[in-house]
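Since the structure comes first, as structure tokens, the remarks are kept for the end.
Just so you know, all these numbers are worked out from the coordinates, no wet-lab data involved. Everything quoted here is computed from the prediction, not taken from an experiment. Cβ placement follows ideal geometry from the backbone for every residue including glycine, while neighbour counts extend to all protein chains displayed.
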Amino acid sequence: MLIKKISIIVCATAGMLVSSFASAQTYLGGSVGQNDTNNNCNYSTTCDSKATSFKVFGGYDINKNFAVESSYFSSGKTLVNAGLLGGMEIKKTGLSLAGLYKYEFNEALAGFAKLGVARVKTETSYQTSGLSPYSASYTENQALLGLGLTYKISTNLSLRGEYEKYNPKTFSSRGTAMSNLSVGMQYNF
């Protein structure tokens, strides 16, 4: 009797796994947008915290409502000018891994919420009056939150728009909050 129950449980679990993998699919995409880095502009004469950003991403749909996604992103270059004191240029690049919860509004339009972590490298170049230019960089893990929409253009191709926030509460003393609004394309295999 025990062997029969174990066999039924094993067969049911295998059936659920096979059906979940059969409905799963992968996707790839890319997007461009505008990044806004919360630079420290207290002592600057001009501060340009916005830059053109880009991202390439790939994901795996576990089922209709859940997916796992990874990406490589670049925030572009932001500039802070302190007049006679000099200035600095800040560039951030990174990798992220996130879980997505998806909801289909209709056959063409779907929304998603994203929660994950990002490994962000910040490179800062300084130009100080009277001194040689120098640069510094550091890498840290940051929280990632996001919201987005996809609109199906064809069976495999979708238009994608999203808003992402990195390091939302500035968890470390070194990191700065960064937000990104982007539009791109996603191809489902």
For this session: Give the cross-link partners of Lys77 among the aspartates and glutamates, using a straight C-alpha distance below 12 Å as the criterion and excluding same-chain residues fewer than 8 apart.
Result: Asp36, Asp48, Glu89, Glu123
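Quick check: residue separation of Val56 and Ser74 times 0.36 nm, minus the Cα distance between them. What number comes out in nm? Provide the component values of the computation, followed by the final result.
Numbers: separation 18, 0.36 × 18 = 6.48 nm, distance 0.94 nm.
Extending this stretch completely gives an extra 5.5 nm.
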Problem set entry | Counted charge near Tyr163, where neighbours are those whose Cβ lies closer than 11 Å (Asp, Glu -1; Lys, Arg +1) | -1
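I want the local charge near Lys55. Using Cβ-Cβ distances under 11 Å, sum +1 for each Lys or Arg and -1 for each Asp or Glu among the other residues. Display every interim value, and only then the final one.
Working: positive: Arg160; negative: Glu69, Glu162, Glu164.
That sum, taken over residues with Cβ under 11 Å, equals -2.
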Exercise. What nm distance separates the two modelled labels at Leu109 and Asn65, each placed 7 Å from Cα along Cα→Cβ?
Worked result: 2.1
Exercise. Can you flag which of Lys64/Lys121; Lys64/Lys91; Lys55/Lys102; Lys91/Lys152; Lys50/Lys102 are past 31 Å Cα-Cα?
Worked result: Lys64/Lys121; Lys64/Lys91; Lys91/Lys152
